[in-house]
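Values quoted throughout were computed directly from the atomic coordinates according to the rules given, and no laboratory measurement underlies them. A quick note: this is a predicted structure, and the numbers were derived from the prediction, not measured. For neighbour counting, all protein chains shown are included, and Cβ atoms are generated from backbone atoms with ideal geometry for every residue, glycine included.
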Amino acid sequence: ARSFADIGDIIRGKDLFIGYNQKDRNEKKQLQENLKKIFRKIHEGLTTEKRSHYNGDGDNYYKLREDWWYANRKEVWKAITCDASEDAKYFREKDSNGNTCTVNKCKCVDGDPPTNLDYVPQYLRWFEEWAED
């Protein structure tokens, strides 16, 4: 779930990780530039009415990126878990709303990811990780 949440942060432009060295920082900068180009193309492809929803979003397209993640997070989860065995279980048997999930292949009955860690601020996830070490 942490990798899933990290992907969400990267796509939405909320990744706090600066990098271990200059190479990491340069790669992160290049990745964000590529994401800006991708979301610029998505924005340009929207109807005028839908594009107006993102007025004032700036050239980082943060609002569009947030909406894209919300609309596609289920597909990203599927891609991450596509090779999971049928009996693979997520570490929790309830989803983020407390509903019992069918945890086969690490997903809920409706296909939603059984986690909302992608909406937990990254620094709080880091605190939890560091506490485990």
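List of remarks:
- Cut-off 9 Å between beta-carbons: net charge of the residues surrounding residue 54, Lys and Arg +1, Asp and Glu -1: +1
- Cβ-Cβ FRET estimate between residue 14 and residue 43, R0 fixed at 22 Å, reported to 0.05: 0.75
- Shape call, the range 1-77: gyration tensor on alpha carbons, a/c limit 1.5: oblate
- You can think of it this way: the chain between residue 72 and residue 31 has 12.9 nm of extra reach, that is 0.36 nm per residue less the Cα-Cα gap.
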